[in-house]
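Read through the structure below, which is laid out as C-alpha cells, and then see the notes.
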Amino acid sequence: NGFSFLLDSSVGTATDRADLVGQLHHLNGSDHPIHVECDSVRIQHDKDDGEDDFDGIALADALVACLKTDRPDGLFATVVTDEHGVALGLVYSSESSLHASLCCGRGVYWSRSRNALWRKGDTSGAFQELVSIAFDCDADAVRFCVRQRGEPASFCHQGWRTCWGPDTGLAHLCRTLEDRKRNAPEGSYTKRLFDDRALLRNKLLEEAQEVIEAVEENDPKHVAEEVADLAYFLFTACAAGGATLEDVTNVLDLRSRKVKRRPGNAKEHRIKAAEAALDSINNANDQGKAAAESEPPPPPPPPPATPCRAGPRF
C-alpha cells in the first residue's frame with residue numbers, strides 16, 4: 001500500500017509480462033483500484049508524499065494475456081450490455097478486435113460471417129461508445145459495457161434495442177424522458193412538467209402520499225401501481241435536474257459500500273414542510289371541485305340530425 005507502480009511492456013520476456021498481467025488481473029475487483037488510460041493499465045495507491053510513480057503495459061496486450069479460450073478459432077464469447085447492465089446481444093471478440101476497440105473507444109467485434117473486424121455502427125449508424133471491458137470468473141468470456149447510440153439507438157439488425165426485443169423498464173422510461181426533454185411533441189404532459197417546476201413539485205408530493213396510503217392498505221397491486229406513478233415523476237425530476245439513471249445507480253453502488261451510516265431517522269422539519277405542502281395542494285383541489293359543482297349544468301345537446309341513407313357510415 002501507499003504507492004503506484006508500472007508494468008513496462010519493454011522490460012522482460014513475454015512470459016514475464018504475462019505473469020505480471022495475471023497478477024494484475026487477480027487484483028481486479030479487490031480493494032486496489034485499476035485505472036485505465038488510453039494505452040496503459042495503472043494500479044494506483046496514495047503515497048505519503050502525495051506523488052505518483054507510473055509504469056505501464058499495453059492495455060490490449062494485458063487483456064489478451066488474461067483471457068483464455070478453448071475455441072479452435074481462438075475467439076472469445078462476448079456479451080454486450082448497456083450502461084445499466086441490460087444485455088443487448090451476444091457477439092465474438094478476437095485479439096485484433098480487442099486492440100481495435102480500445103484504440104478507438106467504440107464497440108468493435110469479430111464478424112464470423114465476414115471473417116473480419118466489425119465496428120458496430122459504421123454501416124447502420126447505430127454505433128457504440130465503449131464504457132468498460134470485463135471478464136467472467138473463468139476469464140474465458142468477455143463483457144463489453146457500451147452506450148448505444150444512433151437513431152434509433154438499436155443493437156439488433158431488426159431495429160430493436162436488444163436482440164431479445166424492445167426496450168423496457170426504468171432505463172426505457174428514462175430514455176423516453178430524455179427524448180421528451182429534447183423533442184417533446186405538441187401537448188406533451190412530460191414537457192409541461194419540465195416547464196412548470198411547481199407542478200412537478202406538487203405531483204411528487206401528491207404521488208408520494210398516494211404510495212404511503214397504498215402501503216397502509218396492504219394491497220401489493222395498488223402499491224406497485226402507485227410506485228410506478230411516483231417513479232415517472234421522480235425520474236422526470238431527475239432529467240429536469242440534469243441527472244441520469246446511470247448517475248443514480250452509481251450513487252447507490254457507492255453508498256452500498258459504506259461501512260458506517262447515519263441513523264436514517266426522519267427529519268421533523270421536512271415532515272412539517274411536506275404536510276403543509278400537501279394541505280395546500282388538497283385545499284386547492286377542494287376549491288376547484290367546489291367551483292365546478294357550483295356552476296350551472298350545461299344545456300342539453302341539440303337533437304341528432306336525420307341520418308342520410310345514402311353512402312357508407314364511418
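The values are calculated or read from the model by the stated rules, or taken from the named source; none is laboratory data. Everything quoted here is computed from the prediction, not taken from an experiment. Reconstructed Cβ throughout: ideal geometry from the backbone, glycine too, with neighbour counts over all protein chains shown. We work out accessible area using only protein heavy atoms, side chains counted, and drop any ligands, DNA or RNA first. Shrake-Rupley method; radii C 1.70, N 1.55, O 1.52, S 1.80 Å.
Structure summary
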item	result
Sequence ranges 124-133, 273-282, ranked by mean other-Cβ count within 10 angstrom, highest first	124-133, 273-282
Spin-label pair R255/S124, simplified geometry with 7 Å Cα→Cβ offset, distance in nm	3.6
The stretch 81-116: chymotrypsin sites (Phe, Trp or Tyr not before Pro) in DSSP coil with no more than 16 other Cβ atoms inside 10 Å	none
Net length gained if the chain between C104 and A277 were fully extended (0.36 nm per residue, minus Cα distance)	57.1 nm
Amide H partners (placed H, <5 Å) of A126, local residues excluded	G121
Pairs of Lys in the stretch 137-271 closer than 25 Å at Cα, counting only those 8 or more apart or on different chains	6
Heavy-atom accessible surface of the stretch 184-239: percent carbon and sulfur, 1.4 Å	55
Solvent-accessible area per residue for the stretch 152-215 (1.4 angstrom probe, square angstrom)	62
Ranked by how many other beta carbons lie within 10 Å on average, peptides 194-202, 227-235, 61-69 from highest	61-69, 227-235, 194-202
Efficiency of FRET from Cβ geometry, R143 and R112, R₀ 22 Å, rounded to 0.05	0.70
Long-range HN-HN contacts of L88 with modeled amide H, under 5 Å	V80, T81, D82
